[in-house]
Amino acid sequence: MKIPTKRIYDWLDERLPISATREFATHKTVPIHKQSIFYFLGGMTLFFFLVQVCTGIMLMLYYRPSAEGAFESVQFIMTTVPFGWLIRSIHSWSANLMIYFAFLHLVTVFFMKAYRPPREITWITGCMLLVLGMGFGFSGYLLPWNKLAFFATKVGTDIPGTLPVVGDFIMRFLRGGDRVTGGTLSRFYGWHVAILPAITTVVLGLHLLLVQVKGMSVPPSLEEESAKRRPMKFFPQFALRDLFGWIVALGVLASIAALFPWELGQKADPFAPAYKNIRPEWYFVFMFQMLKKVPGGSIGGVEYESLAIMAFGLCGLVLMLVPFLDRGVVKRGRSTAFTVIGILVLCFMVAMTAWGYASLVPVWVVIGTILALVVIGALTRPSGEEVQ
Ligand code: HEM
């Protein structure tokens, strides 16, 4: 029997905006210049997010969110469920890569000044996505209910507890009580699989919609170069390159996850003495290290540590408001001050992380990333026809 594809298409087209979407997609283009490689980083972050969704759903089928059953259910996933160890390892590695790429994406769009009008909301939703990503990491860390996660969560939730007035409320809200217990685990599970995914879906949807509507921006310093080149069509040229990157990423991710399976450690024991060298996930280490170095004492009844935590909050707010603070880029098309501040903040964060680990590995990771981007960018740079 011949399937009436044309009739089905027409029927759907009358009810859904298929033609309009096709029309939009055929006209969508991506600017070509020497930093075009950076346009792939948002898509790469999206890829790792999708991996998280797929592997997370699979893990959910076996995971039990209780102090009595969580550790054992993860053990069961790793030892008995077919390929369970691999799925868990991919979920854990991909979580870290997603946050790494989100950071990288933030840093590149920052230096490309992509937050300029009319992309302020794209930037703000991006900042929200980073915070949400870190929230996923923080809540997911506790779920295996192992020793390291238990004590890291205890320390992590202790920190906001030192804030004046609201501290106690925030700590109890996070823990679901005074201490980290099975109740905290259920609460973190709720955040991890329901609340955060729901909020992320909305914010990510808006972020991606705005990227489609506003198109990709060209950094002010490359406007001349870009104007000389014919932009690349998004479909199929750019999308195929995106897809190629995703396939390579999947191969790399699966290899890392198989060669270095994510460890489970020992079951948490709330009565055991606190762990030595408790450290949060790498993306919190710069803040953790700074807090460790804050001297004891208080001013006007407010502890120095609380002041440092409030300063972090303020820095987060300033980051979110960058599009409204950087007026130079709007008026003159460039803003050296923000570029310099960005470089200094970045160096400071990397230095703090290296100090926290007492190792130069974070510095090498950053240098390696810059080199990789330069090499891949040079090797894959589309020549882009010159506009006559
Ligand atoms: C889960 C996290 C995120 C996902 C999945 C995501 C996804 C994307 C995608 C697919 C694009 C288009 C391609 C590109 O320019 O790279 C994009 C663009 C953009 N993103 Fe994100 N993003 C995320 C986080 C962020 C963060 C943390 C920021 C910064 C605060 C940000 C700010 C922007 C901006 C300003 C653009 C427009 C770039 C331009 O026009 O040149 N995004 N994002």
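Which is near the ligand (Cβ under 9 Å from one of its atoms), more than 20 Å from the chain's Cα centre (by Cα) and open to solvent by less than 40 Å² (accessible area, probe 1.4 Å), of Val203, Val218?
Numbers: Val203 fails: more than 20 Å from the chain's Cα centre (by Cα).
Only one candidate qualifies: Val218.
Inspect all residues belonging to the stretch 162-178 and state whether any of them is over 16 Å from Ala268 (Cα atoms) and near the ligand (Cβ under 9 Å from one of its atoms).
Among the residues of the stretch 162-178, not one is over 16 Å from Ala268 (Cα atoms) and near the ligand (Cβ under 9 Å from one of its atoms), which makes the answer no.
Return yes or no: is Val211 in a helix (DSSP H, G or I) and open to solvent by 80 Å² or more (accessible area, probe 1.4 Å)?
Values: in a helix (DSSP H, G or I): yes; open to solvent by 80 Å² or more (accessible area, probe 1.4 Å): no.
For Val211, the condition - in a helix (DSSP H, G or I) and open to solvent by 80 Å² or more (accessible area, probe 1.4 Å) - is not met.
If you go through the stretch 131-144 one residue at a time, how many are open to solvent by 10 Å² or more (accessible area, probe 1.4 Å) and more than 16 Å from the ligand (Cβ to nearest atom)?
3
From Thr153, Thr157, Thr125, which residue is polar (S, T, N, Q), within 21 Å of Val329 (Cβ to Cβ) and open to solvent by less than 30 Å² (accessible area, probe 1.4 Å)? Show your work before the answer.
Numbers: Thr153 fails: within 21 Å of Val329 (Cβ to Cβ); Thr157 fails: within 21 Å of Val329 (Cβ to Cβ).
When all the criteria are applied, what remains is Thr125.
Starting from the stretch 43-63, take each residue that is within 15 Å of Pro197 (Cβ to Cβ) and list its partners that are open to solvent by 80 Å² or more (accessible area, probe 1.4 Å) and in a helix (DSSP H, G or I), counting only C-beta distances under 8 angstrom and pairs at least six apart or across chains.
Within 8 Å, the pairs are Val51/Leu250.
Please work out which one of (1) farther than 23 Å from Phe103 by Cβ; (2) under 19 Å from the mean Cα position of the chain (by Cα) is the condition Pro270 fails and give its number.
(2) is the only condition that Pro270 fails.
Okay, residues lined up against (1) aliphatic (A, V, I, L, M); (2) under 28 Å from Leu142 (Cα atoms); (3) in contact (Cβ under 8 Å) with a residue 60 or more places away in the chain:
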site	(1), (2), (3)
Ser226	no, no, yes
Ala258	yes, yes, yes
Glu263	no, yes, no
Pro280	no, yes, yes
Ile299	yes, no, no
Pro323	no, no, yes
Val329	yes, no, yes
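Can you tell me which residues in the stretch 185-196 are in contact with a Gly (Cβ under 8 Å, 6 or more places away or on another chain) and either open to solvent by 40 Å² or more (accessible area, probe 1.4 Å) or among the small types (Gly, Ala, Ser) (or both)?
Passing the criteria: Ser186, Arg187, Trp191, Val193.
For every residue, the table says whether it meets (1) among the aliphatic types (A, V, I, L, M); (2) at positive phi; (3) within 15 Å of the ligand (Cβ to nearest atom).
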| residue | (1), (2), (3) |
| --- | --- |
| Tyr189 | no, no, no |
| Glu223 | no, no, yes |
| Lys228 | no, no, no |
| Phe238 | no, no, yes |
| Ile247 | yes, no, no |
| Leu253 | yes, no, no |
| Trp262 | no, no, no |
| Gly265 | no, yes, no |
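Does Lys34 count as closer than 23 Å to Leu204 by Cα and touching a residue at least 24 places away in the same chain (Cβ under 8 Å)?
On the way: closer than 23 Å to Leu204 by Cα: no; touching a residue at least 24 places away in the same chain (Cβ under 8 Å): yes.
Against the criterion (closer than 23 Å to Leu204 by Cα and touching a residue at least 24 places away in the same chain (Cβ under 8 Å)), Lys34 does not qualify.
Can you pull out every residue in the stretch 79-104 that is touching a residue at least 12 places away in the same chain (Cβ under 8 Å), open to solvent by 50 Å² or more (accessible area, probe 1.4 Å) and either more than 13 Å from the chain's Cα centre (by Cα) or near the ligand (Cβ under 9 Å from one of its atoms) (or both)?
Matches in the stretch 79-104: Trp85 only.
The values are calculated or read from the model by the stated rules, or taken from the named source; none is laboratory data. Predicted model only: the values in this text are computed from it and were never measured. Every residue, glycine as well, gets a Cβ built from its backbone with ideal geometry; the counts of neighbours run over all protein chains shown. Calculation scope for accessible area: heavy atoms of the full protein, side chains included, ligands and nucleic acids excluded. Shrake-Rupley method; radii C 1.70, N 1.55, O 1.52, S 1.80 Å.
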